[in-house]
Each structure stands twice: as C-alpha cells, then as structure tokens.
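Structure first, then comments.
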Amino acid sequence: MRHRKRTLKLGRPSAHRRLMLANLTCSLIQHGRVTTTRAKAKAVRQLADKMMTLAKDGSLHARRRAISILHDPLAVRRLFGELVEDHRERPGGYTRIMHLAKARVGDGSEMSVLEWSGPYTGPKAKMAAAVEAEA
C-alpha cells in the first residue's frame with residue numbers, strides 16, 4: 001500500500017527528479033512563470049514555496065541551503081533580493097497553478113502554468129497600509 005508515501009515520482013530516478021525540479025524552480029524564479037505538465041507543476045510548487053520560505057528568513061544559512069538545493073547562485077540572489085519583497089507579508093501560498101484547457105499535442109499530457117502569486121493584499125497588508133497612512 002502507498003499510504004503516507006507522498007513523494008511524486010514523476011517516472012524518474014531520484015537524482016534526475018531532484019535536479020529537474022531544481023531547474024524548473026530556477027526557471028520560475030528567473031522568468032516568473034513556467035508552462036509544464038500538471039504533475040510537474042504540483043511537484044515544483046512544493047519546492048518553490050520552500051525556497052520562498054527560506055528567502056523570507058534571509059539569513060546566510062538559509063541562502064546557503066537554497067544554493068545547495070537549487071545549484072544556481074544567480075537564481076538564489078534574485079529570489080532573496082527582488083522576489084521576496086512581494087511576498088514578505090504573505091503567510092504562504094506563494095505560487096498559483098492555472099490549468100490549461102488544451103492538452104499537449106505529442107502525448108496528451110494535461111498542461112498547466114505555474115506562476116508567482118502577486119503582492120499580498122490580505123488583512124495583514126491592509127492593516128499595515130492603514131498604519132502607514134496614519135503616520
């Protein structure tokens with residue numbers, strides 16, 4: 001039985017899967033959105049959210065952990081510099097998956113677009129904006 005076995009295997013050996021997800025996450029960081037299969041998008045979302053959580057920490061240890069996972073210092077620099085500012089107040093859910101209606105022509109795979117969520121406009125952000133307006 002596969003109870004509590006959460007890893008999405010994606011039909012690849014573990015090392016290939018780990019590097020493929022790291023590369024997709026780096027592409028998401030660099031371009032802002034990635035078109036991929038639905039299963040890969042769901043797997044990348046987990047890794048991208050973990051990387052954004054590390055970026056919100058901002059410590060040297062968190063930066064080194066991100067580099068060890070993503071293997072791309074330039075992507076980590078952009079994540080810790082530009083991207084983290086849009087998500088500083090967001091409590092989670094840094095990415096969104098939009099399913100495309102059309103399947104891929106070659107094999108009929110369901111396709112999705114994975115992108116970063118926009119700036120946070122929830123209760124914490126509205127409260128902070130109100131405090132800034134008063135000051």
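What to note about this one:
- Using R0 = 35 Å, the C-beta based FRET efficiency linking H61 and E132 works out to 0.65.
- Structure-derived Cα Rg over 2.2 N^0.38 Å - corresponding label in [x] 0.92; [y] 0.99; [z] 1.19: [z]
- Contour excess over end-to-end distance, with Cα ends at K9 and E110 and 0.36 nm allotted per residue: 34.7 nm
- Residues in the range 1-17 that a label on T37 would reach, taking backbone N under 13 Å of a point 7 Å out along Cα→Cβ: 8-13, 17
- Taking label positions 7 Å along the Cα-Cβ direction at both R18 and E82, the computed distance is 2.9 nm, reported to one decimal.
Only the coordinates and a few stated rules stand behind these numbers; no lab work does. Computed from a predicted model, the values in this text were never measured in an experiment. Note that we place each Cβ from the backbone using ideal geometry, even for glycine, and neighbour counts take in every protein chain shown.
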